[in-house]
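Participant: One structure is given below, represented as structure tokens, and several questions about it will come after.
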Amino acid sequence: MGSKDIFSQEQMIQLKRNLAVKILGSRKWQPPLTTLERGLNGLKVEDVSIDTMATSSRYVFDCGPTTEPLVPPIYHSSTYKLKSVDDYLKILDQGGYIYSRLNNFTCDSVQAAINVIEGGKGTLVFNTGMSAISTALFCFLKSGDHIIICNPVYSGIYDMAVNMFPKFNIEVSFVQAGCSVEEYEKQIKPNTKMLYGETPCNPNMAILDLEEFGKLGKSKNILTMVDSTFAGPYLQPVIKYGIDISMHSCTKYLGGHSDLIAGSLTFSSVELWQTAIRYQTTLGASLINYVLYPGLESHPHHQIAKKQMKAFSGMMSVEVKGGLAGGRILAENLRIVQLAVSLGGVESLIQHPATMTHGPMLMSDEDRLSGGITNGMVRISIGIEDPDDLIADFKQALDKIPESLCAET
């Protein structure tokens, strides 16, 4: 028996009308209205000028079930509207957002995601990698303290250690990157407050034994901090090895597309995180002599890397015959691989440390060479291009290095 047998034609028409009214009367079929149009604490749209309408009209959804976006949005607002003056203190006590320098939902989303991958107790994100590093160093070091840093090290850290720390009476000692942890221990003084390392190291790919490094820090009650940018938290979960602070330039592998600048710090304890957040909110191929890649058995620290890294990342350093000139010719004649100083993106990049990031504007030749940064060394970040295309690109660029130049070295 069909509906025609139950309802008359007139009844069917009325049912359709009622259904249409119900559908069109639902919130979905009503245009959005601003708070002024709906009445804002007694203020109506006709009570204000068009200038005020243009600047103060806001749409607030407060009808129906609330949902959350599947992909967390990027919040651009610098400040947040409060419903009452009491909300300010409530938010500081209970959580929420007041001003984006203090925090916002976008940052919280990123911090939570990085922290769970890192296996930490709390993560903070920053506008740059150097901002993250400098915040940590000035947070946990004070006048009269001593820090031990690997050499080579990211150029910004080296500049800070050599040219800025003396102004704050912070003492610095350097150890060879890739050295045994015993070399760090030999440099420890009564006022040593932090041990700082990179692994894989920039730009020579030296590997630090994280487990032993963490044990040393714990046994001496000294903070340990590691820059793991060249590996990322997926390949190398630093915190699990007993390291206190894991640092990443999120511009690199964590970003992956060379379209953002950011940094992160992940902490092994909530107490360290709580200490740091206060500072954060206030501070605002044959022509190649050898290849340094942790995944190769020929790498001096291959076994350590194999023990602590799930894979060996896309970072490598290569010593090119021809010294400074040879390295420069290679870097400047590639067509697919781009000459740029960043790393960890989908595109392959190359840079020549001896003339760029660790060049004469920052380091003397003696200091550079003592850190293992040779004249012909180039640092390469491998992207996701076709491997055959990359090989062909390197070959054509290497072919441009004169044999006479290679013979000289």
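Participant: For Phe312, all conditions in the list (1) open to solvent by 20 Å² or more (accessible area, probe 1.4 Å); (2) touching a helix residue (DSSP H, G or I) at 6+ places or on another chain (Cβ under 8 Å); (3) more than 26 Å from Cys250 (Cβ to Cβ); (4) at pLDDT 90 or above hold save one; what is the number of the exception?
Facilitator: Going through the list (1) open to solvent by 20 Å² or more (accessible area, probe 1.4 Å); (2) touching a helix residue (DSSP H, G or I) at 6+ places or on another chain (Cβ under 8 Å); (3) more than 26 Å from Cys250 (Cβ to Cβ); (4) at pLDDT 90 or above, Phe312 breaks only (3).
Participant: What number of residues within the range 161-178 satisfy the criterion of being in a helix (DSSP H, G or I) and surrounded by fewer than 16 Cβ atoms within 10 Å (Cβ to Cβ)?
Facilitator: 6
Participant: Is it the case that some residue within the range 315-333 is over 25 Å from Ser404 (Cα atoms) and either open to solvent by less than 20 Å² (accessible area, probe 1.4 Å) or touching a Phe, Trp or Tyr at 6+ places or on another chain (Cβ under 7 Å) (or both)?
Facilitator: Yes, the range 315-333 contains a residue that is over 25 Å from Ser404 (Cα atoms) and either open to solvent by less than 20 Å² (accessible area, probe 1.4 Å) or touching a Phe, Trp or Tyr at 6+ places or on another chain (Cβ under 7 Å) (or both).
Participant: State whether the residues of the range 206-228 include one that is among the aromatic types (Phe, Trp, Tyr), within 27 Å of Asn127 (Cα to Cα) and either buried (at least 24 other Cβ atoms within 10 Å of the Cβ) or modelled with pLDDT of 95 or more (or both). Break it down stepwise before answering.
Facilitator: Taking the range 206-228 and keeping what is among the aromatic types (Phe, Trp, Tyr), we get 213.
Checking which are within 27 Å of Asn127 (Cα to Cα) leaves us with none.
Within the range 206-228, not a single residue is among the aromatic types (Phe, Trp, Tyr), within 27 Å of Asn127 (Cα to Cα) and either buried (at least 24 other Cβ atoms within 10 Å of the Cβ) or modelled with pLDDT of 95 or more (or both).
Participant: Ok, one more. Considering each residue of the range 360-390, count those that are surrounded by fewer than 16 Cβ atoms within 10 Å (Cβ to Cβ) and within 21 Å of Asp227 (Cα to Cα), and give that number.
Facilitator: Matching residues across the range 360-390 total 1.
Participant: Let me ask something else about it. Kindly indicate the residue of the range 39-58 that is surrounded by fewer than 11 Cβ atoms within 10 Å (Cβ to Cβ) and aliphatic (A, V, I, L, M) and also nearest to Lys81 (Cα to Cα) among those meeting that condition.
Facilitator: It comes out as Ala54.
Participant: So, one more: Let me spell it out: the conditions are (1) surrounded by fewer than 20 Cβ atoms within 10 Å (Cβ to Cβ); (2) farther than 30 Å from Ala325 by Cα, and Pro300 meets all of them except one. Which number is the exception?
Facilitator: (2)
Participant: Another question, then. Test of understanding: among Gly376, Gly371, Gly323, which residue is small (Gly, Ala, Ser), modelled with pLDDT of 90 or more and in contact with a Lys or Arg (Cβ under 7 Å, 6 or more places away or on another chain)?
Facilitator: Gly376
Let's see how each residue does on (1) at negative phi; (2) in a strand (DSSP E or B); (3) β-branched (Val, Ile, Thr):
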{"site": "Cys201", "(1), (2), (3)": "yes, no, no"}
{"site": "Met205", "(1), (2), (3)": "no, no, no"}
{"site": "Lys215", "(1), (2), (3)": "yes, no, no"}
{"site": "Ser219", "(1), (2), (3)": "yes, no, no"}
{"site": "Thr224", "(1), (2), (3)": "yes, yes, yes"}
{"site": "Gly255", "(1), (2), (3)": "yes, no, no"}
{"site": "Glu271", "(1), (2), (3)": "yes, no, no"}
{"site": "Ala276", "(1), (2), (3)": "yes, no, no"}
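Participant: What residue, among those in the range 45-63 that are β-branched (Val, Ile, Thr) and assigned to a loop (DSSP other than H, G, I, E, B), is modelled with the highest pLDDT?
Facilitator: Looking at the filtered set, the residue picked out is Val48.
Participant: While we're looking at this one, here's another question. Somewhere in the range 335-352, is a residue surrounded by 22 or more Cβ atoms within 10 Å (Cβ to Cβ), over 17 Å from Leu398 (Cβ atoms) and of a type in the set (Val, Ile, Thr)?
Facilitator: No; the residues of the range 335-352 include none that is surrounded by 22 or more Cβ atoms within 10 Å (Cβ to Cβ), over 17 Å from Leu398 (Cβ atoms) and of a type in the set (Val, Ile, Thr).
Participant: Select from the range 20-41 the residues that are modelled with pLDDT under 70 and of a type outside the set (D, E, K, R) and list them in ascending order.
Facilitator: Ala20, Val21, Ile23, Leu24, Gly25, Ser26
Participant: Tally the residues that are in a helix (DSSP H, G or I) and either polar (S, T, N, Q) or open to solvent by less than 40 Å² (accessible area, probe 1.4 Å) (or both), restricting the search to the range 108-151.
Facilitator: The qualifying residues number 15.
Participant: Here's a follow-up. Report, by residue number, each residue of the range 232-249 that is open to solvent by less than 10 Å² (accessible area, probe 1.4 Å) and either basic (Lys, Arg) or assigned to a loop (DSSP other than H, G, I, E, B) (or both).
Facilitator: Gln236, Ile243
Participant: Continuing with this model, one more query. Cβ-Cβ below 8 Å, separation at least six or inter-chain, first residue in the range 378-391 and within 20 Å of Val320 (Cα to Cα), second aromatic (Phe, Trp, Tyr): which pairs?
Facilitator: none
Participant: With the condition kept exactly as written, say whether any residue in the range 72-84 is open to solvent by 100 Å² or more (accessible area, probe 1.4 Å) and part of a helix (DSSP H, G or I).
Facilitator: Within the range 72-84 (the criterion being open to solvent by 100 Å² or more (accessible area, probe 1.4 Å) and part of a helix (DSSP H, G or I)), the answer is no, since none of the residues qualifies.
Participant: Does the range 186-204 hold any residues that are within 14 Å of Ser219 (Cα to Cα) and crowded, with 22+ Cβ neighbours inside 10 Å, and which are they?
Facilitator: Residue satisfying the conditions is Leu195 alone.
The values are calculated or read from the model by the stated rules, or taken from the named source; none is laboratory data. Keep in mind that this is a model prediction, so the values were computed, not measured. Here Cβ is always computed from backbone atoms with ideal geometry, including for glycine, and neighbour counts include all displayed protein chains. SASA here: full protein model, heavy atoms, side chains in, ligands and nucleic acids out. Shrake-Rupley method; radii C 1.70, N 1.55, O 1.52, S 1.80 Å.
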